[in-house]
């Protein structure tokens, strides 16, 4: 019998303060299974902070992050960062270590690792030290490592921010495949084209507040706030009030 879903994820009255500044202010939303959720906003909007709080890496100053249920919620989600952390080991060994930490028996690892590397297009560099890989290859390896653990929810913090167009397309293809395999995708990005390609719904943060949460098509065609309209048009929003 499959484990109960940990979704939806419900965030209520979220606040985060640091250095005397309120960086996230009264943010609330619900994320359901299935839809790919894209968190958009300018620099300093609170996108990465929100993602880290949802994943459990940071504790909010106030408010709640509540998963629907299921045992060991932390093991049912994964996160890939803009600059992935690579162990001083081969690509293969990086994945093997992830499985060992999860308690997967050694005899079961080889097949799963080979399949994950194949899906990420990295099987031919399996024995290459991970830190010698290109930035794009490292990001694909980080995605393969996350996919290997079969998360129900995958958080992605600007995963293509440092990549050229070719590497971006490769990473996006893996993200799409992970979504097709059944994982919930929650992605931060400032790339408007990427948000259109990968997003089913958009959460728009501005100044630490959630200003819009809407289907992606509606958000891009008829944004409800002047801040969102300015952001979509690549303009600087100025509040004269």
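At a glance:
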| item | result |
| --- | --- |
| Selection within the stretch 148-190 - over 19 Å from residue 47 (Cα atoms) and touching a residue at least 40 places away in the same chain (Cβ under 8 Å) | 148, 149, 151, 152, 170, 174, 177, 179 |
| Qualifying residue in the stretch 147-163 (condition: loosely packed, with under 15 Cβ neighbours inside 10 Å and outside any loop (DSSP other than H, G, I, E, B)) | no |
| Residue that is under 16 Å from the mean Cα position of the chain (by Cα), more than 23 Å from residue 90 (Cα to Cα) and surrounded by fewer than 21 Cβ atoms within 10 Å (Cβ to Cβ), where the choices are 177, 183 | 177 |
| Strands (runs of 3 or more DSSP E) wholly inside the stretch 184-240 that include at least 2 residues being closer than 25 Å to residue 146 by Cβ | 184-188, 201-206 |
| Qualifying residue in the stretch 66-78 (condition: surrounded by fewer than 17 Cβ atoms within 10 Å (Cβ to Cβ) and modelled with pLDDT of 95 or more) | yes |
| Output for the stretch 21-44, where each listed residue is surrounded by fewer than 15 Cβ atoms within 10 Å (Cβ to Cβ) and either within 16 Å of the chain's Cα centre (by Cα) or modelled with pLDDT of 95 or more (or both) | 21, 26, 28, 30, 32, 34 |
| Condition met for residue 101 (out of contact with any helix residue (DSSP H, G or I) (no Cβ under 8 Å at 6 or more places or on another chain) and closer than 21 Å to residue 184 by Cα) | no |
| Residue satisfying condition, being farther than 27 Å from residue 49 by Cα and free of Cβ contacts under 8 Å to residues at least 12 places away in the same chain, within set 112, 127, 107 | 107 |
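The values are calculated or read from the model by the stated rules, or taken from the named source; none is laboratory data. Given the structure is predicted, the values throughout are model-derived calculations rather than measurements. When we count neighbours, we look across all protein chains shown, and the Cβ atoms used for this are built from the backbone with ideal geometry, even at glycine.
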